[in-house]
């Protein structure tokens, strides 16, 4: 049966340790025992030797005696923080130097050990440091994976409207101003909010997004501000609200126009005072959060209709950013498509032609009621369906293209209903290489109706 110390040894994470102490017997003990625990160790007799070792190598942990000749432990710790901020430090202290140990903790030391200390105490402390560093690595790996999933907070497109959006974000991001992002559904409002955060001084702090229209009204307050155990039926434990989670960073309130009127007053109080109060709590506490809001609705019209507080509207729209609909910048579709398809198919070579000219024309002639979000769905469908790249019109979803910009222009110029029907039928037949069954299914009519429309004369030439 394994002893307790053997079990702990098996669980230890190997560390590179620098040990500095002027007591010879301690030096020999550490030099012999730490490698048995699975660690690499460099032993130094004083602070100056330890600093010289730090300048040549990197260490996971530095264990240093506070009372040494030449340079004391506090001096070594300061040098560690200068040369290798991620290295953890542990101080050894005698009974008479506890004040110095507290000072070392203020310098950011991980912990301290009081002499005489046991090997099992050192081992337990190194295990804790190893676990902390392992968690930090996992967290970093998760952040990298999350970044790959979300993609860069880069607003794609060279249309002048997008150039203006990027210029506005570049100006407002470094400030602390509240930002209101306006635009139709699917135009990329959360991406714009992330761009504001990533270019701000809070970029290394949390970015927390919440859709105000996606939660039941009775849960929004708890979600935003948190609650105390027993505050309401079902509140079985304390809950941390998203404003508290975002402390130091940015909170993004998407679809702010859907926020219930009662919550609007509480949000206004938070914005004005910087304080939040959990549901069921009698006291408030400060949070440092930058607020970015977004909506596809006309807030001024909602104010006039009594659906949105006027004072809140003026508080959140300190700086407005308008995102253009995709139909107004169809020139950007090829670049957007390349970016989106690279996410769906990361193994494709960078020089791969992704869209045929006919597919580009089809994408650019569509009205895009769902904007960039709809474009992403269409391209993902096409990437799955196509046998090989480039994507062709027949790889696009069957329902795609029934609402075209060409049709809109015909309406605007006084085109007839027959003109619109001919345009829709011609586009469907093009997409399906003349297959009338598929075209009829896409158009939502029977095959007989399609033949009748063709035989009426508008598309005789095409149907022949």
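The values are calculated or read from the model by the stated rules, or taken from the named source; none is laboratory data. What you see is a predicted model; the values in this text were computed from it and never measured. We place every Cβ from the backbone using ideal geometry, glycine too, and count neighbours over all the protein chains shown.
Figures for the structure shown
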{"read-out": "Of residues in region 297-314 being surrounded by fewer than 18 Cβ atoms within 10 Å (Cβ to Cβ) and touching a helix residue (DSSP H, G or I) at 6+ places or on another chain (Cβ under 8 Å), the one farthest from residue 366 (Cα to Cα)", "value": "311"}
{"read-out": "Residue match in region 325-332 (condition: modelled with pLDDT of 90 or more and assigned to a loop (DSSP other than H, G, I, E, B))", "value": "yes"}
{"read-out": "Pair list, Cβ < 9 Å and 6+ apart or interchain, from region 385-405 residues that are at positive phi and surrounded by 15 or more Cβ atoms within 10 Å (Cβ to Cβ) to residues that are modelled with pLDDT of 85 or more and in a loop (DSSP other than H, G, I, E, B)", "value": "401/365"}
{"read-out": "Residue tally, condition over 15 Å from residue 188 (Cα atoms) and assigned to a loop (DSSP other than H, G, I, E, B), over region 309-324", "value": "3"}
{"read-out": "Qualifying helices (runs of 4 or more DSSP H) (wholly inside region 207-308; at least 1 residues being modelled with pLDDT under 85 and out of contact with any strand residue (DSSP E or B) (no Cβ under 6 Å at 6 or more places or on another chain))", "value": "217-225"}
{"read-out": "Matching residues in region 343-377 - criterion: being at pLDDT below 85 and in a helix (DSSP H, G or I)", "value": "343, 344"}
{"read-out": "In region 27-58, the residues that are within 40 Å of the chain's Cα centre (by Cα), more than 24 Å from residue 116 (Cβ to Cβ) and either surrounded by fewer than 19 Cβ atoms within 10 Å (Cβ to Cβ) or at pLDDT 90 or above (or both)", "value": "40, 51, 53, 55, 56, 57, 58"}
{"read-out": "Flag for residue 92 being crowded, with 17+ Cβ neighbours inside 10 Å, modelled with pLDDT of 85 or more and assigned to a helix (DSSP H, G or I)", "value": "no"}
